[in-house]
1. Hey, any hits in the range 24-46 for a residue that's surrounded by 12 or more Cβ atoms within 10 Å (Cβ to Cβ), touching a Cys at 6+ places or on another chain (Cβ under 8 Å) and modelled with pLDDT under 95?
2. Considering each of LYS52, LYS48 in turn, give the residue that is part of a strand (DSSP E or B), more than 22 Å from LYS124 (Cα to Cα), charged (D, E, K, R) and in contact (Cβ under 8 Å) with a residue 60 or more places away in the chain.
3. Show the residue pairs meeting these rules: Cβ distance below 7 Å; 6+ apart or different chains; first residue within the range 57-81 and modelled with pLDDT of 90 or more; second residue hydroxyl-bearing (Ser, Thr, Tyr) and not in a helix (DSSP H, G or I).
4. Inspect the range 27-34 for any residue being part of a strand (DSSP E or B), at negative phi and touching a residue at least 60 places away in the same chain (Cβ under 8 Å) and give the result as yes or no.
5. In this structure, is GLY12 in a strand (DSSP E or B), at negative phi and either small (Gly, Ala, Ser) or in contact with an Asp or Glu (Cβ under 9 Å, 6 or more places away or on another chain) (or both)?
6. Only one of these conditions is not met by PRO105: (1) over 18 Å from MET1 (Cβ atoms); (2) touching a strand residue (DSSP E or B) at 6+ places or on another chain (Cβ under 6 Å). Which number is it?
Amino acid sequence: MCFLPIADASVGNFPGADFIRVRGDWEVIGISSGEFKESCDTSGGVVKQELKAVVTDTGKANMGRIQELVRQEGLVLLDLSNGDCKVVGTDQFPVSFSTEYAGSPLKLTLSFKRDSAEFAKNLKSF
């Protein structure tokens, strides 16, 4: 999983297209597991998106870097198990994460639940 703060991104988004163009330096967030779901009840309706990702490298340096990143709104890049590479969020509607520390050994859970006008899009670079 990667994250790009919206302030550091150049985005070309075309509503209705199945792709988004993004330029910027994606920050890798190493996750041990993750689940992404999106669904839409009606044609042209709101798309419900949900992500839950677990980070087990809870060393001080890694946690500081991740916390600094996810305090910002941004775009999320997901390499899905089916081989697709999808971007969640746009320049107009970026993603905001919630964080939770729990467990022994300690782990960090990054998550969001959001409504979007569109499904996650295929990445195309400029």
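1. Taking the range 24-46 and keeping what is surrounded by 12 or more Cβ atoms within 10 Å (Cβ to Cβ), we get 24, 26-27, 29, 31, 34, 36, 38, 40, 46.
Among the residues that remain, those that are also touching a Cys at 6+ places or on another chain (Cβ under 8 Å) are: 26-27, 29, 46.
Applying the additional criterion that residues be modelled with pLDDT under 95 yields 46.
Within the range 24-46 (the criterion being surrounded by 12 or more Cβ atoms within 10 Å (Cβ to Cβ), touching a Cys at 6+ places or on another chain (Cβ under 8 Å) and modelled with pLDDT under 95), the answer is yes, since at least one residue qualifies.
2. Values: LYS52 fails: in contact (Cβ under 8 Å) with a residue 60 or more places away in the chain.
Only one candidate qualifies: LYS48.
3. Pairs that qualify, where the first residue is modelled with pLDDT of 90 or more and the partner is hydroxyl-bearing (Ser, Thr, Tyr) and not in a helix (DSSP H, G or I), are VAL70/THR99; GLU73/SER96.
4. No.
5. Against the criterion (in a strand (DSSP E or B), at negative phi and either small (Gly, Ala, Ser) or in contact with an Asp or Glu (Cβ under 9 Å, 6 or more places away or on another chain) (or both)), GLY12 qualifies.
6. Evaluating PRO105 over (1) over 18 Å from MET1 (Cβ atoms); (2) touching a strand residue (DSSP E or B) at 6+ places or on another chain (Cβ under 6 Å) leaves (2) as the failure.
The values are calculated or read from the model by the stated rules, or taken from the named source; none is laboratory data. Since this is a predicted model, take the numbers as computed values, not measurements. Positions of Cβ are generated from backbone atoms using ideal geometry, with glycine treated the same way; all protein chains shown enter the neighbour counts.
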